[in-house]
1. Working from the alpha-carbon coordinates of the stretch 12-68, get Rg over Rh, Rh being the Kirkwood radius.
2. Based only on the alpha carbon positions, what is the Kirkwood hydrodynamic radius of the chain, in angstrom?
3. Spin-label point model (7 Å from Cα, Cβ direction): what's the Ala60 to Arg79 distance in nm?
4. Filter the chain for me: DSSP H helices, axial length by Cα at least 30 angstrom, mean Kyte-Doolittle hydropathy not below -1.0. List them by residue number.
5. Counting other C-beta atoms within 10 Å, which of Leu142, Leu57, Leu98 has the fewest, and how do the rest follow?
6. Using the per-residue mean of other Cβ atoms lying within 10 Å as a proxy for protection, in what order, highest first, do the peptides 59-70, 44-55 fall?
7. So if each residue of separation counts as 0.36 nm, and I subtract the Cα-Cα distance between Val124 and Ser67, what length gain in nm does that give?
8. Let me see the pair-distance distribution of the stretch 80-156: every alpha carbon pair, 10 Å bin width, integer percents in order.
Amino acid sequence: MNSTNGNAAFDPQMIDEIVAGLADKPGALMLVLHAVNERVGYIPVEAVPAIARALNLSRAEVHGVISFYHDFRTERPGRKIIRVCRAESCQAMGAVALATHIKERLGIDFGQTSANGDFALEPVYCLGNCACSPAIVVGDDLYGRVTPDRFDQILFSPSTSGRSR
Ligand code: FES
């Protein structure tokens, strides 16, 4: 199996090949899900029936595992993933209002991708930046003391960049 690291288009035949190569191994479902996630960048919902059938599982069982693990998603990820800390320190410093603002600005909830495909929104539980709560990560960049206004600057002002603990 070759790896294209998340950029392959969804192809039912590719899913069948992945499943066929791993179906007999212990822990086959996790192996298959990781392989699909690596190749496609997410687990297409269209792939679930084929995975379930090949591994003699119900669709609900496969969906259950996908939804349990944060590494797996069923939507194509946005170009930039925005991770908002929802752990205690950030919650105490305004993360709830910040998350509400971000959801409204992007028109999506946690676990979703914006309509234009530019942004995906995910919750995280402590970014190790508690002293500068509330904290978010945009792409690979960590930001602290993020207010709704600052979030707008980070996301929509091209001059704002870099790490800011
Ligand atoms: S609680 Fe948010 S960074 Fe630690």
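1. Details: Rg = 9.8 Å, Rh = 10.9 Å.
Taking Rg over the Kirkwood Rh, I get 0.90.
2. Result for the chain, one decimal place: 17.3 Å.
3. 4.1
4. Working: long enough: none.
Helices meeting the span and hydropathy rule in the chain: none at all.
5. Numbers: Leu142 19, Leu57 16, Leu98 24.
Lowest to highest Cβ neighbour count: Leu57, Leu142, Leu98.
6. In descending order of packing, they fall as 44-55, 59-70.
7. On the way: separation 57, 0.36 × 57 = 20.52 nm, distance 1.50 nm.
Working it through step by step, the gained length comes to 19.0 nm.
8. In whole percents, the pair-distance histogram is 22, 60, 17, 1.
Any read-out appearing in this document is the output of simple, stated calculations on the displayed coordinates, not a laboratory observation. Everything quoted here is computed from the prediction, not taken from an experiment. So basically every Cβ, Gly included, is an ideal-geometry build from the backbone, and we count neighbours across all protein chains shown.
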